[in-house]
Every structure is written in C-alpha cells, then in structure tokens.
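K.L.:
Got a structure for you, questions after.
The values are calculated or read from the model by the stated rules, or taken from the named source; none is laboratory data. These numbers come from a predicted model, not from an experiment. Neighbour counts run over all protein chains shown; Cβ positions are idealised from the backbone, glycine included. Note: areas computed on protein heavy atoms with side chains; ligands, DNA, RNA excluded. Shrake-Rupley method; radii C 1.70, N 1.55, O 1.52, S 1.80 Å.
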Amino acid sequence: MRLPAAAALLIISLSAACAPRTPASGAAPLPGVSGSWPFLGKARVTSGSEAMVVSGSPLASQVGRDILQRGGNAVDAAVAVGFALAVVHPEAGNIGGGGFMIIRPRDGRVQALDYRETAPALASRDMYRAAGEEASVTGHLSAGVPGAVAGLTEAHRRYGKLPLAAVIEPAIRLASDGFVVDEYRSLSIADDSARLVLFPASRATFLPADRPPAEGSTFRQPELAATLEAIRDSGAAGFYRGWVADLIVAEMKRGGGLISREDLASYRAIWRDPVEISYRGYTIYSMPPASSGGVTMGQILNIMEGFGPLPPFGSAALLHWEAEAMRRAFTDRNTYLGDPAFVRNPLDRLLSKEYASELRSQIGARATATPVFRPAPGGGSSTTHYSVIDAEGNSVSCTTTLNNSYGSAVTVTGAGFLLNDEMDDFATSPGEPNMYGLVQGGANAIQPGKRMLSAMTPSIVLDPTKQLYMVVGTPGGPRIITMVYHVISNVIDHRMSLADAVVAPRMHHQALPDSLRVEEGGFLPETLDSLRQRGHGISVRGHWGDVEGIIRTPTGWQGVSDPRRGGGGSGY
Ligand code: DON
C-alpha cells in the first residue's frame, strides 16, 4: 500500500530547517570540572510544550515528530524513527541488528520488548577458537540472527495507531530519494571505510566512487528502499521470509556465515517485565536480561543510595565510591547474567537493597584490587538511542545496535542493509576479554538460539509522585550502563539540568580491566591524583557516548542531545 499524499507531506516537512536549538546549559563551569572541558554549554537542546523526539540523527527525529503531528502515538513515532535511522544513521541505525524498547503507555503499564539477535542454530561455544577472534567482529561469521524488524513490527502491532505503511514510508522516501549527508555522517563512514571496503556490497553502498559520501551530497540507497518496501507490504514476513531472507542466506553462503532460513523464520521478539528500581523516591524502569543494563545499573544505584547524600560532583570521594560500586555490579554481571531462556538470572537477590548493603559494607577508603588480565581494545560506535514522548504522555525509550561501527561491515548483497557483529557480545572465549574488554563467564557462552548479553539500558524515570519525568539512554558498550547511571544521578543527586547532566564528564569502571576510566580533559588533575593515592589505576581515554534524553520542564518537555556526536531533537 502506498500513501503518496501523506508521503509528500512528510517530505515537505523533512526539508524544513532543523528545529531551533538553544543551549540550556550555560557556559558556567561545572563543579569539579576543568574550565576547558570542550562540551560546556554545547548540549543540543530542543523544547516542546506537548511532545518530543530525540535521536542520534536530527533527520530521524523530524520523522518522529511528523508522525506524532499526523496523529501517531509515541510507539508509531518510535517505530518510524527506528526505520529512518536504518537509512540516515547507518553506523548504528539498522534493520540488520537488534535492540530493546521500554514502552510506558500513559496508563502506566510498562513493558519491555527484547528484540536482541540470537546465535544461529549452527553456532557453537568454541566456534571462534578455530575461526580466530577477529571473526567475531568483522565478516559473515560475526552476525547474529537480526531482531530489529521483528521488534519494530511487534511494538507497532501491539501499540501502534497509524498503519505500518505510514510509519515506514518516511524511511522508504529517505532511502529512495536520498538525504543530504551532514559532516558527522560523512566522517563516520570515512572512519570505517577500511572495514567497509572489504565487502563488495558495502563498498558499492557506502563508498560510491570509492569515497565516503561528501558532506552536503545526496546519498541514495535504492536497494535498502526495496527491502523497506517489502517490510511495508508484508510486515516482518517481508524480511524473515521471501526474497529478503533468500538474499541474507545467499550472503551467508558467499562469506561462510551461519544464518539459515530456519533461523530467520523462527526469530521472535519477546515481551518482558521491565526491571523496576527505586532510587531516592524516584522510580526507574529499565531493561532486564537479555540486557544486563537495568540490573547492573540498579545495583550501582542501590549501592550509591545507601551512602546517603553524595559528595559533590567531580570530587575524588564520589568517584571512588562510584568506581567501587560499579566494580561490584559488573563483577556480578559478568558472572551471573545471560539469556533467561538458557540461564537462571538471580535478579531478586542482585536487585535487593539488602544485597546492596552487603556490597556497600565492603567498600572502604581504598580501591579493591581485582585480578590482572590481558587488556583489550575499546569498541566502536554502532549503537544508537532514541527517546519519544507524545502529547498524551505515552513514552518510549529505545536503544538499538549493530555492535561495532557498521556492524560486521557486511552489507547483504541486493538488499542494501548491514548485518550486525553481535556474536562478539557473547563470551566468545569465556574468561578472555571481548572487544569491550569485558571478561565474562559461562552464563554468556555461545549456545544455538541464545541471545548474547547486552549492556543497553533504555530507561524511563518517574518522579516521586509517579509522574513521567525523564526518558534516557545512550550507545557506548558497557559504558552505557554507567552513563545512564551518571545522567540519572547528576539530575537527582547533583540537581543538574539535563543539559549539564549530559555534558558533564564521565567515569567508568567495569571490574576488568581493573582501571577507572575517565574522559580526557574533564575531571581536575588533583582529583585524579587523589584517586591514584587511593589505589585506583586511572585510564584517561577520549570521550564516549551519545545520550539522547528528554526531561519534563514546567512548560512541557526538553530534549537534550549529546554534543559528543551528531544527534538532535524535534518537538512541538
Ligand atoms: O549490546 C551491547 O551491549 C553492545 N552491542 C553495545 C555496543 C555499543 O554500544 C557500541 N556503540 N558505541
């Protein structure tokens, strides 16, 4: 079914200038933060009295806002943003990956949707021992069975108001007519061109004339448009059966991958009860396994809550407690958590306030040593988050990923979309670090049909009166968990505006490697010295994340997009 009139309307509004952005974060320095911190005052802030969409791409956010203004609800808008991101934000937006969505309808009955990829039936625990570790990160063998199309169509089936065709149409137009590439996305493709060039369909799609599309040029993806049309016409079956499925299987044969027609036909998204965390009177809903996000962030928050009022932001005392809380939460994550269809996750114990007190009582004045291990490289940027609130107060928090930047780097020939490299999120060699340096055990070992453990932490926060307060999430591998923790704590404990909470420098500890990572140029040198004196190994490494959040204000909603990357919001 085509909707020419509606599509024309959408194209007109897509070509309109970006929604005005006014920085709400003053250039005033944050306490405990270097005066030369480059992101001060740079958060991209959008205000709306009724509704708001923020995502890693300003164009995708406009698609979401247009769907809302045409009478769609937050889920319609989220699904439209999800498909649009697959076109306009190819480093991470996807139909060849997977994700997690927290949906809070205005009646307050929160649901979590798990559309994480699964290991193909032919996968086995030690498959990368023979194939080599690089095979879990780049190429056909690194791909799990994609979940994104099953997830987006299932969310729409259960909650959507507009026809599926109406919410996919903007993505189809952006793919067939093309969109104007901005600086961020041109540089992003350039950064990963060495991997993309390895696979002919990726080279043809993303490096036309053997170069990344230049800033300001129009980038068209006709094969991707045809795949999206198949989904528009046949729903999930248009992807998991029929010619698109045939092309995925042919691509697997071409490159020695494992995904079969049966793997595709049997893939299902799963509805789950969200993790519910209470923190200083606020309520936070987040993702349960197969993501570790909600549980691990819940453990960190529970440990921190018991310290009482926290020391000031940026102080060594605060960073020390946070590092020790994170260390313990990640140790449990890496030991116990995995796909609940395969392992028992002791959620009641891990999330109890009593257990948090037990862990807190182990934290003293000095860092706790953890075993030495072989360090591993950091990960890419192939995850993206979007947050949506509609005029009726329905809200969606969604994080979706291909894992590494541009996933496996393999584009399905003839179908125009990238496949994920999510297999590396398994403990591909239990006890050895993965791409993110995470050392995990048997609970997350590879098994056929199993979902690999994630760190994605899409979250929705209610205030102490149980009113919708904030929607938040980010990409960033294991640092996702600590970033969402930071934003929530910065707002609740340190009374920051959401803009400042997003701009503020970040620290991270994930048990192994045993080092406290901090963003470069943020915390004061004397703070880092004080942490070293407490026994912490400090690792100063770049800048990370792309928080896309919405917060309630006295006049409506404020969308905040992280200045570290190329996102933006759109509201009304
Ligand atoms: O699911 C996960 O935890 C990872 N695949 C997320 C990867 C990620 O965030 C990379 N982007 N920065």
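K.L.:
Which residues, counting only those in the stretch 190-225, are over 23 Å from His140 (Cα atoms) and assigned to a helix (DSSP H, G or I)?
P.N.:
The answer is Ala209, and nothing else.
K.L.:
To continue, here is another question. May I ask you to say which residue of Leu207, Leu258, Leu224 is under 26 Å from the mean Cα position of the chain (by Cα) and crowded, with 24+ Cβ neighbours inside 10 Å?
P.N.:
Result of the check over Leu207, Leu258, Leu224: Leu224.
K.L.:
To continue, here is another question. I need every pair where a residue in the stretch 126-144 that is open to solvent by less than 10 Å² (accessible area, probe 1.4 Å) has its Cβ under 9 Å from the Cβ of a residue that is of a type in the set (Lys, Arg), sequence separation at least 6 or different chains.
P.N.:
Filtered contacts from the stretch 126-144: Gly144/Arg116; Gly144/Arg451.
K.L.:
Given Tyr406, Tyr386, which one is assigned to a loop (DSSP other than H, G, I, E, B), within 16 Å of the ligand (Cβ to nearest atom) and surrounded by 24 or more Cβ atoms within 10 Å (Cβ to Cβ)?
P.N.:
Testing whether each residue is assigned to a loop (DSSP other than H, G, I, E, B), within 16 Å of the ligand (Cβ to nearest atom) and surrounded by 24 or more Cβ atoms within 10 Å (Cβ to Cβ) leaves just Tyr406.
K.L.:
So, one more: When the stretch 318-350 is examined, which residues are found to be hydrophobic (A, V, I, L, M, F, W, C), open to solvent by less than 40 Å² (accessible area, probe 1.4 Å) and over 23 Å from Asn434 (Cβ atoms)?
P.N.:
Leu318, Leu319
K.L.:
So in the stretch 191-204, with the set limited to residues that are open to solvent by 40 Å² or more (accessible area, probe 1.4 Å) and among the small types (Gly, Ala, Ser), which one is nearest to Ala409 (Cα to Cα)?
P.N.:
Per the stated criteria, the residue is Ala194.
K.L.:
Looking at Ile303 and the list (1) farther than 23 Å from Glu432 by Cα; (2) in contact with a strand residue (DSSP E or B) (Cβ under 7 Å, 6 or more places away or on another chain), which single condition is not satisfied?
P.N.:
(2)
K.L.:
Something else: Quick one: how many residues across the stretch 499-511 are touching a Phe, Trp or Tyr at 6+ places or on another chain (Cβ under 7 Å) and part of a helix (DSSP H, G or I)?
P.N.:
Here the count works out to 1.
K.L.:
Hey, another quick one. Tally up the residues in the stretch 266-297 that are more than 16 Å from the ligand (Cβ to nearest atom), open to solvent by less than 30 Å² (accessible area, probe 1.4 Å) and closer than 21 Å to Ala119 by Cβ, please.
P.N.:
Adding up the residues that qualify gives 1.
K.L.:
While we're looking at this one, here's another question. Among Met456, Met496, Met470, Met483, which is the only one that is under 15 Å from Ser286 (Cβ atoms) and part of a loop (DSSP other than H, G, I, E, B)?
P.N.:
Going through Met456, Met496, Met470, Met483 in turn, the sole match is Met456.
K.L.:
Quick one: Met496 ticks every box in (1) under 20 Å from the mean Cα position of the chain (by Cα); (2) open to solvent by 10 Å² or more (accessible area, probe 1.4 Å); (3) more than 15 Å from the ligand (Cβ to nearest atom); (4) not polar (S, T, N, Q) bar one, so which box is it?
P.N.:
(1)
K.L.:
Just checking, which of Leu337, Leu347 is touching a residue at least 12 places away in the same chain (Cβ under 8 Å), in contact with a Ser or Thr (Cβ under 9 Å, 6 or more places away or on another chain) and more than 21 Å from Val491 (Cβ to Cβ)?
P.N.:
The conditions single out Leu337.
K.L.:
If you don't mind, another one. Please work out which residue is farthest from Val388 (Cα to Cα), limiting yourself to the stretch 463-485 and to residues that are surrounded by fewer than 24 Cβ atoms within 10 Å (Cβ to Cβ) and touching a Ser or Thr at 6+ places or on another chain (Cβ under 8 Å).
P.N.:
Only one residue fits best here, namely Lys466.
K.L.:
A further question on this structure: One residue is enough: does the stretch 431-440 have a residue meeting the conditions open to solvent by less than 10 Å² (accessible area, probe 1.4 Å), touching a strand residue (DSSP E or B) at 6+ places or on another chain (Cβ under 6 Å) and within 13 Å of the ligand (Cβ to nearest atom)?
P.N.:
No.
K.L.:
Are there any strands (runs of 3 or more DSSP E) wholly within the stretch 24-140 with 1 or more residues that are within 16 Å of the ligand (Cβ to nearest atom) and closer than 23 Å to Ala175 by Cα, and if so which?
P.N.:
52-55, 98-104
K.L.:
Between a first residue in the stretch 441-453 that is within 16 Å of the ligand (Cβ to nearest atom) and a second residue that is part of a helix (DSSP H, G or I) and of a type in the set (A, V, I, L, M, F, W, C), which pairs have beta carbons less than 7 Å apart while being 6 or more apart in sequence or on different chains?
P.N.:
Ile446/Met127; Met452/Met423
K.L.:
A follow-up question, please. When only residues in the stretch 227-237 that are of a type in the set (A, V, I, L, M) and open to solvent by 10 Å² or more (accessible area, probe 1.4 Å) count, which is farthest from Tyr267 (Cα to Cα)?
P.N.:
Ala230
K.L.:
Which residues, counting only those in the stretch 537-559, are touching a Lys or Arg at 6+ places or on another chain (Cβ under 9 Å) and either surrounded by fewer than 16 Cβ atoms within 10 Å (Cβ to Cβ) or over 18 Å from His89 (Cβ atoms) (or both)?
P.N.:
Ile538, Ser539, Val540, Arg541, His543, Gln558
K.L.:
With (1) open to solvent by less than 10 Å² (accessible area, probe 1.4 Å); (2) within 16 Å of the ligand (Cβ to nearest atom) as the list, and Ile488 as the residue in question, which single condition is left unmet?
P.N.:
It fails just one condition, (2).
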